[in-house]
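Below is one structure, written out as structure tokens; comments come after it.
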Ligand code: FPP
């Protein structure tokens, strides 16, 4: 397949792209494989996806890798996802470095098993001076939990005298979220055919454009990303104005 040619197509590039990588399980099922093979294929696709995003000069990408609800999946699936994370950052750290990928993890990562937690902390620390593209990985993430956590943290600051209640506005509240310091996403892509938000970035997606694709995540390739970007370029965003 011919790769997208940016010089010929006037594409508006989102500054921050959010992605719900859905469909790994179905991808595996179609091949009569256990679900964990779907996640493995999904992780490989993420590895390439981040390169395509960098090629398109997208500065921030936030992907939903594991939700707070995903802890309820069967034990062996949770364990294989955790193992995959450890392997992924061990195996691809050099490559991510070459690509200039900064990594940040959003979510209740303190709930991860010890080895996975140590891996993600190290990956984050080692990547902090890279600046071509930032990959935020939502891990043990749930948006309602994030909002409650932010509310508690702000309240604690009021009680301890570090903040006044009157100071609270959208900007201040945003600074208590895991996404603190990041611009809000301009475009959300959800693969896998479902059209819902699944407790992902509820606050941050307020003005975001949504793009739904029927393609299962491991099959979502550079040309599919380009199509999403072209549709995004055609949409007019007014932020509630006229
Ligand atoms: C949803 O598909 C996907 C997930 C719950 C996990 C997404 C994880 C990855 C793509 C791997 C991430 C890896 C790293 C290293 C960060 P599903 O399993 O719900 O699919 P289904 O809807 O077809 O069952």
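Being surrounded by fewer than 21 Cβ atoms within 10 Å (Cβ to Cβ), part of a helix (DSSP H, G or I) and near the ligand (Cβ under 10 Å from one of its atoms) is a property that holds for residue 91.
Residue check: residue 76 meets all listed conditions (1) at pLDDT below 95; (2) under 24 Å from residue 132 (Cα atoms); (3) assigned to a helix (DSSP H, G or I) but one, namely (2).
Every condition in (1) touching a residue at least 60 places away in the same chain (Cβ under 8 Å); (2) within 15 Å of the chain's Cα centre (by Cα) is met by residue 56 except one, and the failing one is (2).
Scanning the range 154-168 for residues that are surrounded by 12 or more Cβ atoms within 10 Å (Cβ to Cβ) and in contact with a helix residue (DSSP H, G or I) (Cβ under 8 Å, 6 or more places away or on another chain) yields 154, 158, 163, 168. Determine if the range 10-32 includes at least one residue that is more than 20 Å from residue 227 (Cβ to Cβ), near the ligand (Cβ under 10 Å from one of its atoms) and touching a strand residue (DSSP E or B) at 6+ places or on another chain (Cβ under 6 Å). No, because not a single residue in the range 10-32 is more than 20 Å from residue 227 (Cβ to Cβ), near the ligand (Cβ under 10 Å from one of its atoms) and touching a strand residue (DSSP E or B) at 6+ places or on another chain (Cβ under 6 Å).
Listed here are the residues, each with its yes/no results for (1) away from the ligand (no atom under 16 Å from the Cβ); (2) in contact (Cβ under 8 Å) with a residue 24 or more places away in the chain; (3) in a loop (DSSP other than H, G, I, E, B); (4) out of contact with any strand residue (DSSP E or B) (no Cβ under 7 Å at 6 or more places or on another chain).
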site	(1), (2), (3), (4)
184	yes, yes, yes, no
189	no, yes, no, no
194	no, yes, yes, yes
201	no, yes, yes, no
214	no, no, yes, yes
223	yes, yes, no, yes
228	yes, yes, no, no
233	yes, yes, no, yes
241	yes, no, yes, yes
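Suppose the filter is more than 14 Å from the chain's Cα centre (by Cα), outside any loop (DSSP other than H, G, I, E, B), more than 23 Å from residue 134 (Cβ to Cβ) and at pLDDT 95 or above; does residue 158 pass it? Let's see the steps before the verdict.
Numbers: more than 14 Å from the chain's Cα centre (by Cα): yes; outside any loop (DSSP other than H, G, I, E, B): yes; more than 23 Å from residue 134 (Cβ to Cβ): yes; at pLDDT 95 or above: yes.
Taking the combined requirement at face value, the residue satisfies it.
Based on what the data block shows, is residue 173 outside any loop (DSSP other than H, G, I, E, B) and crowded, with 18+ Cβ neighbours inside 10 Å?
Numbers: outside any loop (DSSP other than H, G, I, E, B): yes; crowded, with 18+ Cβ neighbours inside 10 Å: no.
No.
Taken together, the residues in the range 94-108 that are in a helix (DSSP H, G or I) and touching a helix residue (DSSP H, G or I) at 6+ places or on another chain (Cβ under 6 Å) amount to 0. Scanning the range 45-68 for residues that are near the ligand (Cβ under 9 Å from one of its atoms) and part of a helix (DSSP H, G or I) turns up 45, 46, 47.
The values are calculated or read from the model by the stated rules, or taken from the named source; none is laboratory data. The structure displayed is predicted, hence computed values, not measured ones. So basically every Cβ, Gly included, is an ideal-geometry build from the backbone, and we count neighbours across all protein chains shown.
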